[in-house]
Structures are given as structure tokens and as C-alpha cells.
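The values are calculated or read from the model by the stated rules, or taken from the named source; none is laboratory data. Predicted, not measured: the structure shown is a model, and the values here were computed from it. Positions of Cβ are backbone-derived with ideal geometry, glycine not excepted, and every protein chain shown enters the neighbour counts. The accessibility values were calculated without ligands, DNA or RNA, using every heavy atom of the protein model including side chains. Shrake-Rupley method; radii C 1.70, N 1.55, O 1.52, S 1.80 Å.
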Protein chains: 2
Amino acid sequence: MSDSQIRVVFEPSGRSLSASAGTKVMEAAGRAGLAVAQPCGGAGVCGKCRVRVVAGAAEPTQAEAEKFSASELADGWRLACFSRLTRDAVIHVPDGSLLACHQQILAQRQHGAASDVQPAVRKRYVELPEPTLADDGADLLRLEQAVGESFTLGLDLLRRLPGLLRQAGFKGTAVLADGELLDFEPGDTRGRCFGMAFDIGTTTIVGSLLDLTTGREVALASGINPQVSFGDDVLSRIRHSGSPAGLDDLRGSVLATLATMIESCCRDGAVRREEIYEAAFAGNTTMQHLLCGIEATQLGAVPFPPVFGRGLLLRAADLGLPIHPAARAYVFPVIGGFVGGDTVAGILASRMADLAGPVLLVDIGTNGEIVLAHEGKLLSSSTAAGPAFEGARISCGMRATRGAIEKVNLDGDIELATIAGAPPVGLCGSGLIDLAAGLLRCGIVSPEGRMLPPDELPTTLNDPLRRRVMEADGSVLFAMHEGLNGDGPLAITQRDIRELQLATGAIKAGIRILCKQAGLQTSDLQRVLIAGGFGNFIRRDNAQRIGLLPTDVHHEKIAYVGNTALEGAKWALLSTTLRAEAEDLARRTRHVELSQDMDFQMEFAEAMIFPET
Amino acid sequence: MSDSQIRVVFEPSGRSLSASAGTKVMEAAGRAGLAVAQPCGGAGVCGKCRVRVVAGAAEPTQAEAEKFSASELADGWRLACFSRLTRDAVIHVPDGSLLACHQQILAQRQHGAASDVQPAVRKRYVELPEPTLADDGADLLRLEQAVGESFTLGLDLLRRLPGLLRQAGFKGTAVLADGELLDFEPGDTRGRCFGMAFDIGTTTIVGSLLDLTTGREVALASGINPQVSFGDDVLSRIRHSGSPAGLDDLRGSVLATLATMIESCCRDGAVRREEIYEAAFAGNTTMQHLLCGIEATQLGAVPFPPVFGRGLLLRAADLGLPIHPAARAYVFPVIGGFVGGDTVAGILASRMADLAGPVLLVDIGTNGEIVLAHEGKLLSSSTAAGPAFEGARISCGMRATRGAIEKVNLDGDIELATIAGAPPVGLCGSGLIDLAAGLLRCGIVSPEGRMLPPDELPTTLNDPLRRRVMEADGSVLFAMHEGLNGDGPLAITQRDIRELQLATGAIKAGIRILCKQAGLQTSDLQRVLIAGGFGNFIRRDNAQRIGLLPTDVHHEKIAYVGNTALEGAKWALLSTTLRAEAEDLARRTRHVELSQDMDFQMEFAEAMIFPET
């Protein structure tokens, strides 16, 4: 396994990205915005995630050798959740391997490409009659007549327009958006019209360069949100934004990264930055405020009111984005101080409001955002899950990066899988869920979350696992691995289990309160959609076992919908109808402040108990 | 007579201005936008221009002593066209002394003040509920709900808004215009809302500070357009704008004057400049382009197409105006390269499109702009009258400033009147028309425009006038005055008469072509309205005698409508309905390029001949 970057292209969507060697196909597909089906939760048993690695296929694994015939393997058929990418690859993802609701969405988009792609930015090629004494009307009226509509324009363009028209011999392309003339370009440039969609995460920023004429993604870039150097959680960023210099730090650093990503996408897609006429941004409420340079301290104090609610249509130049000088920037509407534009994008891209039956959308991160759609009504809430699933506050916790234990199996002795197959360094969120579920199943942890000391362990427990339970400093721990660098074993402690109970309980209580406010029980849910990068990697049965996902919802009703924040941002860029829908969804969604619910404390206390089997 | 400035206030309008001591009441009223009736053309015979000088009345003149009783004179009654202002004065203008169509307009405006004053800028005082956990919506949504409408806002205000709301304790005044939030001011500032209207003339700039809540004029300022230092005609300014530095010169100089006028009006009206939220500008096409910093060279070459046609709604800050940082600037729509926003304002303020019968509007300046309204249709044209009426190209010509002969009477010997009663320095436009009419009447000039030499003069000519005709260097001239400084007599020459014929012929031919294109003869005209500062001072019978105004229109159908450019700019500032009407009028008005009319050369040649009596 090397740290070198490889290039991955997905067919037939044409989406491409750079990834570290060793990345699983499933992960790369998720980052490229393709929600590959994974009904078994990555256990390698269902075989639904089949893809054909047209070029650059890795050696088949044991599981793959069992699922495919020799000729299929020779043709490149692999399981997305097993196959790792070791060199540049081209991967064909059959429609049947995409998540059902995404198949529908993609079909809609590919089907009606010409009619569905209705970006705000449009280009019109026009040839104007040159002024004569018999036809001596104003330049602008002449242009409006040729374009077929009236428009406004900025003073700067107004000043340059007469020169532009004459240099172009009165033949050129008008760039228009919402009744504004953004530019007039000599000749016919209709084929060159681009936009960029961004998901501004607290940790990661992903940007997608889109061809606004076809809707196709031309290039994708991602990077760490450089604001992490001012604190890796939202609250420390909010605090840092309280001084003008701090706000400048935060805004400036994210802009520098955006500029780098724009540059990289332009290079990859052979696009000039002046050909990008609009950008769309979805992120949590704080990230969106900081992007706009809005001091965010009020998001850090009760009652956490955001400054803006509706989406903002700004000048990209005012934000400081190095794209077309008259380009616009659309910033997603937000629902509340902790239910932001990323959630709105998720509601939009998951199509949850259009699906039959009560539908729940859960985005598990530092804050677990939850949305419930039922009978045309939308309820949302944010739960203070805390960063346990991102590795913080867990003694051996870490983010989902190289060397993180991402998968744990306690059938027999412990089996571990790490990211990039590297030697284990720590435990990330999905591994934590697996481990806790396993410890519950074999009785090492009680439903109340108590880790049993060696002398209380159930008699049914096998020896290999029994040997891993030990006491140290008066506390019980479970050792997973001997550990590197002589730091002692990688282990999970009683305290870690308590942190997990808090995080899980918050989300579980939030789900129950939302259901209760809608007059529902969790068993009524017809679909549970899991959004966000982390969601792609959790195993549903284990998430249900620890109570993170409702236990009374059938396994098949739970689906992963991928990075819906980026997907929603793209949709808003590609279609003014969908953008208006995002605004509508945001305003229609009622924000439920959990602490205002009389039952919250009781629900939370109850939710801390792991489900009985 | 002194050069000192005096302060004049008109009642009941409350309009006020500064003027030079020696200014006639009529002139001051005109500059204050009050169109005092003057049916006899200032001859002092009709007595229709009666006003009561409440304070600061001058000694009555002979004509006034004949028109008023002793007690009336003691009460301050004077004739506006005779009485001169020598010190600070308060003048009551009875409605009956205003021009009929203006009486109507003013009545409408005063009558329906509350309903007619509908400026684009509006203020709403709101008290917002403070955010609580149960009501934790975004600041902007909270404000929108309180204001009762949604709005956009600039990034700068968005950044400051949360602080503004909290500093104001969530009680304050939203400043709105066309769906945009311009500011949020602590407390109730509804009573303070101002705008400035400007007439940007080639020679003179006039600015009026208006209270947008009542429609009242708070202060008035005027000054020379400093661009005259780059040439006193439009074409030399156009040429100067061809280089970036030249354009900067022109724009910068006019902006400096605007800033000075804004400052002076703010001081006079006790208004802070941040309380001015909108400015409106009417000027000729070139002046409007230069104000916007648009290079105007294409206005100087066939076919003279303007850059913009519709009115522009710009950020005042982008123009460089020192008023509220988010204030807007409305620049009037233009009809053609030489029929500009001042003409549109004239069509609007004269209400010509609403008057019965074919109506002609004539604005005589460097270019004579002519508009004809007939059966809902509007035709306009610009005639290259040249600057003869502004004193240029006339051997003893000068502008209408101190010492200019503004009135000439040739009954008996010559009688002259000069501006400010100063010793005569030269001849201005109104004096030139008087003189030429007189010379025609007494036969010194033939209908073809030939000045007869002494030996060909008619026998009926009296001796005093006969002695004034002389020959020098083989050319005939008529001496008006011995002249100052030993430079020889002030005289009009054959060449001057030819210049006058060219200027008069251009306007006369323009009027005839417009009438012809509308299927009319000049005798069909029901009203001839004379606009512009110069118009106020010409005597209709003399203007008809030389053919400048149609001879077959009855004297009483000719009326002066004052500075309609400023008046129209004010209207557009006070009423969005009237602003929309200005846009509509501009687009409805067909621009007739005279040189494109087959008959123009013939009409022009014929129009050069003075009318036979």
C-alpha cells in the first residue's frame, strides 16, 4: 500500500476524482457522489454492490472469488465494498448497483438532461444590427432586443459594453442570470458555461465543477477545511469568529482553500476560471456564516439564532472567489442555528419529501441532524451527539483516516479491518459502533452500558474474547490489538462506552421526539436514510444493535444516500426549479428545539440504555 | 446693485434658494421651479405675474405703480417680471399667478400629498420579538416578518445586521427600496427620509433636496457645470472623454460639484448626508453618460447611438456620491444620442402627453430638442441649432449673465435692459431675438436676412435707428451701444444675422418635419410649451416674428413651463408611478433623425427665410 494518489473515473456518469492508493471502490464512489447499494452493510454477503473495474482492477479477494465466476472476475467484476484501488482505474457502475432512490434520481437527470438542466446562468448568442442613422437606438436596447428580454447590468460592464460590442463586431454571446447581464463575450461561447458546487464541511470541503450546459461533472476536488487549525469543532470556530481578526482568519483560510480547489478543478477540466459564472454552497449554519464573513458568536449562545434564513444570492467577487468577476454565489438557506444548508441540501437531494410513508433522514456527525417527513410536513432537529463518532473523547479514537480501525467483528476472536489496510492506529466511528455492538452481543457490555469485569463475564463467552477483558486502575477495558510503539494495547474503556451512550442517546432521543411530535412511533417509519460521508461506512445491523438507528425498522428500509450536501448543492446550481424547491423546503421545515420538549430529558435518559435483544 | 448673495423663500411652496442681488423675481421663481404666468412675455402689460413680496420688497417700478393701488404696493404686491430682489425676501406666489398647467400639477401634488408621494425609498419602524429557545428563527426572517415583506440586502449590511439589531434592542427603522433593505437604524427615524434630484445641464447643474415623506423641497443649490473648463459645448466634452484620463477629468469634476451641492443643501436643510437614500439625475444624453463614467465618443460620430436607453438604477456609491452608503442613483432614460433624460423629464413634468390637442414642447439650447404629442403618439427630435442663443458665434454674444443685454426694444430709438441692470457687456439669446425681431419690423433686415446698407433703408425708418446702421469693411452693422473699454460699439453684423438664421431655421425646420410626420400643420398645434432656463426669458411675439416659434399658433397657446428637467427629476424621485411613467414615455417616444427625412434639406432652406408679416 502506498500513499500515492491515483486517478479514478466512474462510467457512465463520467465522474472522476483523485484518491489515495488503497481506497475502497465503495468509498471512492461515495466521494464521487455515487450511492452504491450496500444492503448487507459491507459484509460481503449480498453481492449487490457489484461494479466492473474496466481498467486497473485489483486481485480478487476471497469474498469476490466466491461471488463471481472466473470469467466475470477476468472481466473486472468486483464488489465495491471489498475491492481496493491500487492504481489508476476506470470503473463501470451498473444502474442496478446504485441505491434505488438514486437510480430514480439519476435516471430522471440523465433522461431529461436537456429539460432538467435549467441553470440560473444562460448564454445567448446574438448578432446585432449595427447602428445606422435609420436605426440609431441605444446599445443596450439593441442588445436587449437581440436577446429577447430586458436586463439590468453592473456599472462596470455598462462602461465596457460599447467597446465590447464594437470589438466583437456586434456578434457575441450574452451571459445572463435572473434578469442581469453578467457579460458579453465576442463570438459564440454558448458551449462554455460552468458552475461550481461546494459542500463546506466542518472537516472536509468538496467542490464539483459542473458543465451547466449538460449537467455533467467535469472535475471534483476535496480538501481539509483549513479552519481546523482554529479548532476542529464548530464551537471553537464560533468563538474564534468573535474578533474581526479571528473572523478574517476563518474566512481567509477557507477562501484560500476554495481558490486552490477552483484552480485544481479548472486544470483537471480544462476550464478557465472566467468561464465559471456561478457557485453554490451548502454547509452547516456556522460554516455558511463564516464563508460570508458574518461574525457567528450568536450561534454559540442560547437561543442560537442564525443571522440569515433564506438562501443568499451574492456577488462571488464580494465573497472573494476567483471566478468570473460578475459571477454570483448562492448560499443555501438554513433551518436553524444547528440545522444548516447541508441538511436542506440533504432534504432536497434525498427526495425524502416525495417518498411514500414517514421518512427519516439522519446525518451523523458532530451534531446529528435529523429530519422527519410525514404527510407533507417536515420536522428537523439537531442533537448534540458530540464528536464521539469522529473519534474525539474516545480514548483510542481517531478520524476515519489511514490506519483507523473501521470494521470490527467479534465472531470467534476479534477481526479488525483498517483504512488502507495499514497497521491499526486507533478506532474510528464505524469501528466503534461495530465493537460496541459486538460487546453487547457477547455480553461483555450490559444493556445499561456497564463493562463486566472478568469475574462477572457470562459463561458462554469464548476464551479468546474473555482474555481481552481486563482490569486496570480499577476500571474495566477490552483490548483490541497489541498496539504500536509500545504504548500499551489499543483498548476500549468503560468511559468510552459511556461517551458512546451519550452520543447514541442524543440521536436516539432526537428521533423519538421528532416522531412523537409528528404523532408517530419509530416503527411507523417506512424509510430511514443515512446521509453524510460517515453514514456510508456504518453497518446497519450494528447501528441498530446499539440503538443509534431504530430497532423496530426493518433492515431493508434503511438506506445510505451518500454526500447529499454536495449533491443538493449541485442540483441547486443546475436547476432554478430545484433551487426554489430548496428555499421552499427550508421554510417548510419546522425546527424543533429538543430542549423545549417536555419529554426530552426523560427520553434522553431512556435512550442511553442500549436496546435489549 | 451688488454682487452679494441673497436668500429668497417662496410661499406657500416653501421653496428657497440663494440668488445674486438684482435678480428678477420671475427668474428666481423659475430657478425655484415655479412657473409664474407671463402671458405678455414680460412686457409689463398683462399684470398676470403678480406676487406679494411679504418681506424684502424693492421700490415699485413705474409699470408696477400703474398696475397696483397704493395700498397694494404697501402690502408688497409687485410684478414678478419687473421687480428685482435687492435683499433677503419672502415672496407669496398666489395660485392664480402660476401657469395654468402648473397650477393643476401643483394642486394635484399638494392635494394628494399623502397618496401622491410614493418614493421608492420607504421606512418602516418595527419592534422585533427577541429570539428565545421557543422562537429561535434567523435574524433576517425575524426582520422580514416584522416588516411584512421579504427583501434582499448587500453583504456589507448582512455582516453588520446582527450587531445593529442587538445594539438597537431589536427596535428600529428598516430602510427599504424596491425589495432591498438599505439599512436598519436604531429607534424611529421615519420622519427623516430624503432624496436629491439633479438637473445636469451642459452649463449649469441644479440640485434639489427633497423630503421624501412630504414631497417638500428642503433646499436648492445650483452651480456651473465644471466640465465647461474642458469645452463649453457637448462635442468638445465628448472628444475629451475619449481617453481614460479625460473621462476621469469629466466625471471627477462633475462629482466634485455634486458633492459640494449635496453638502450645501444638507447644511441649508439641516439634513445629514446619510439621510439621503436616493438621487435622481436628468440631463442630456452626453451629460448622463459622463456622470456614469461611460466613454461618450460614440455620441460624437454618426449615427450617434447612446450606450443606454432605459433609465439606470445604480448604487450611488458606485457613482461616487457622498450620500448614504447603500443609497441608489436613478439616471433618467434617454430617447436618442441628442434627445436625453432632460427631455424625458420635460415630457413628464409638462404633462404634455395628457393635454388635449397636438402639443409641442421646445427646449431651446445648444441643441433645440423638440417633442410633439398627438393622439397618444410622441415624436422627438434634436436640431443642431448651434450655440447662437447661448451667445457663441455672435460677434458681441455672451451668456445670460451680469451685463448681458437681455431685452431690446426698437420702438423709437433703441431701449436696452441688461441682467442685474449692469452696464451692457454683450448680447444674450433673448436680446438677440428681440433685436432681430425689431430689425425685421422696421425693415433694416429683409425677410431673406439681408441687412440693408444705409442707402437702401426704407424711407419710413426713423432717424435714431437710421443713424445706427453703418458700413465697415464692406459689411453692414447695427450699433446698439457705444461699448465699454473703447472696444468700438456693441453691434450686430450681417454675419450674426446669418448665424441666427441657421439656428432659427434648424428649430423651425425640425418643428415642421415633426408636424409633417404626424400628419399635422403647425396651425393645428393647440399648445406650444417652452422649456428650459432660456425659455423663461424670451418674448413670444418676437420669437414668432423671427420664425423661431410657429407664427400660425395663437399667442395665448404658447406657454413657459420652466425648468422641467429638474421638475421631472423631482417627480421621479417622489413617485415610483411617475418614474415608471418616465420610462414608458421614453420608450414610447419615437426618435426622428431629421437628416433621414427626405424633405429636411428643403424645409431647412425655406426655414432660413424670416416670416413675411
What number of residues within segment A:596-612 satisfy the criterion of being open to solvent by 40 Å² or more (accessible area, probe 1.4 Å) and either away from chain B (no Cβ under 14 Å) or within 27 Å of the chain's Cα centre (by Cα) (or both)? 9
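Every residue, every condition in (1) within 25 Å of the chain's Cα centre (by Cα); (2) under 18 Å from residue B:321 (Cβ atoms), yes or no:
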| residue | (1), (2) |
| --- | --- |
| B:143 | no, no |
| B:169 | no, no |
| B:195 | yes, yes |
| B:203 | yes, no |
| B:221 | yes, yes |
| B:233 | yes, no |
| B:241 | yes, no |
Which residue, of B:493, B:504, B:459, B:522, is touching a residue at least 12 places away in the same chain (Cβ under 8 Å), open to solvent by 20 Å² or more (accessible area, probe 1.4 Å) and polar (S, T, N, Q)? B:493
Would you check which residues across segment A:343-357 are buried (at least 24 other Cβ atoms within 10 Å of the Cβ) and more than 14 Å from chain B (Cβ to nearest Cβ) and list them? A:343, A:345, A:346, A:347, A:348, A:349, A:350, A:352
From the list A:559, A:580, A:572, A:543, which one is open to solvent by 30 Å² or more (accessible area, probe 1.4 Å) and among the small types (Gly, Ala, Ser)? A:580
Can you find a residue that is at pLDDT 85 or above, surrounded by 14 or more Cβ atoms within 10 Å (Cβ to Cβ) and under 30 Å from residue B:580 (Cα atoms) anywhere in segment B:95-118? yes
Determine which member of the set A:523, A:430, A:475 is closer than 21 Å to residue A:606 by Cα and hydroxyl-bearing (Ser, Thr, Tyr). A:523
At least 2 residues that are among the small types (Gly, Ala, Ser) in each: list the strands (runs of 3 or more DSSP E) lying fully within segment A:360-419 that qualify. A:368-374, A:377-383
So, in segment A:428-456, how many residues would count as being free of Cβ contacts under 8 Å to residues at least 24 places away in the same chain and either in a helix (DSSP H, G or I) or open to solvent by 40 Å² or more (accessible area, probe 1.4 Å) (or both)? 3
With respect to residue A:402, determine if the residue is open to solvent by 30 Å² or more (accessible area, probe 1.4 Å) and touching a residue at least 12 places away in the same chain (Cβ under 8 Å). yes
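Can you pull out every residue in segment A:351-369 that is of a type outside the set (Gly, Ala, Ser), at negative phi and more than 14 Å from the chain's Cα centre (by Cα)?
Step one: filter segment A:351-369 for residues of a type outside the set (Gly, Ala, Ser), giving A:351-352, A:354-355, A:358-364, A:366-367, A:369.
Those left that are additionally at negative phi: A:352, A:354-355, A:358-364, A:366-367, A:369.
A:352, A:354, A:355, A:358, A:359, A:360 - these are the residues of segment A:351-369 that are of a type outside the set (Gly, Ala, Ser), at negative phi and more than 14 Å from the chain's Cα centre (by Cα).
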Condition first: more than 13 Å from chain B (Cβ to nearest Cβ) and either closer than 17 Å to residue B:311 by Cα or open to solvent by less than 20 Å² (accessible area, probe 1.4 Å) (or both). Now tell me which residues in segment A:130-147 satisfy that. A:147
Answer yes or no as to whether residue B:251 is over 14 Å from residue B:293 (Cα atoms), part of a helix (DSSP H, G or I) and open to solvent by 50 Å² or more (accessible area, probe 1.4 Å). no
Out of segment A:265-305, which residues are more than 9 Å from chain B (Cβ to nearest Cβ), of a type in the set (Val, Ile, Thr) and in a loop (DSSP other than H, G, I, E, B)? A:271
How about segment A:320-342: which of its residues are over 18 Å from residue A:261 (Cβ atoms), open to solvent by 10 Å² or more (accessible area, probe 1.4 Å) and either of a type in the set (A, V, I, L, M) or within 19 Å of the chain's Cα centre (by Cα) (or both)? A:326, A:335, A:338
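Which of the residues belonging to segment A:299-315 are farther than 14 Å from residue A:341 by Cβ, open to solvent by 10 Å² or more (accessible area, probe 1.4 Å), in contact with a Gly (Cβ under 8 Å, 6 or more places away or on another chain) and not aromatic (Phe, Trp, Tyr)? Before you say what the answer is, go through the steps one by one.
Start the filter on segment A:299-315 by keeping residues that are farther than 14 Å from residue A:341 by Cβ, which leaves A:300-305, A:315.
The next check asks that each one be open to solvent by 10 Å² or more (accessible area, probe 1.4 Å); those that pass are A:300-304, A:315.
Among the residues that remain, those that are also in contact with a Gly (Cβ under 8 Å, 6 or more places away or on another chain) are: A:303-304.
Selection gives A:303 alone.
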State whether the residues of segment B:467-476 include one that is in contact with a helix residue (DSSP H, G or I) (Cβ under 9 Å, 6 or more places away or on another chain), open to solvent by less than 50 Å² (accessible area, probe 1.4 Å), over 20 Å from residue B:609 (Cα atoms) and at pLDDT 95 or above. yes
The condition from (1) modelled with pLDDT of 95 or more; (2) closer than 30 Å to residue B:510 by Cβ; (3) of a type outside the set (Gly, Ala, Ser) that residue B:295 misses is numbered (1)
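What residue, among those in segment B:148-177 that are over 15 Å from residue A:298 (Cα atoms), of a type in the set (A, V, I, L, M) and surrounded by 19 or more Cβ atoms within 10 Å (Cβ to Cβ), is farthest from the other protein chains (Cβ to nearest Cβ)? If you could, list the steps in order and put the result at the bottom.
Initially, segment B:148-177 is screened for residues over 15 Å from residue A:298 (Cα atoms), giving B:148-157, B:168, B:171-177.
In the following step, the residues that additionally are of a type in the set (A, V, I, L, M) were identified as B:153, B:155, B:157, B:168, B:174-177.
Those left that are additionally surrounded by 19 or more Cβ atoms within 10 Å (Cβ to Cβ): B:153, B:174-177.
Details: B:153: 9, B:174: 15, B:175: 18, B:176: 16, B:177: 14 Å.
Per the criteria, the residue is B:175.
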If I ask for residues that are surrounded by fewer than 20 Cβ atoms within 10 Å (Cβ to Cβ), of a type outside the set (Ser, Thr, Tyr), more than 24 Å from the chain's Cα centre (by Cα) and not in a helix (DSSP H, G or I), which ones from segment B:63-87 would you list? B:68, B:75, B:87
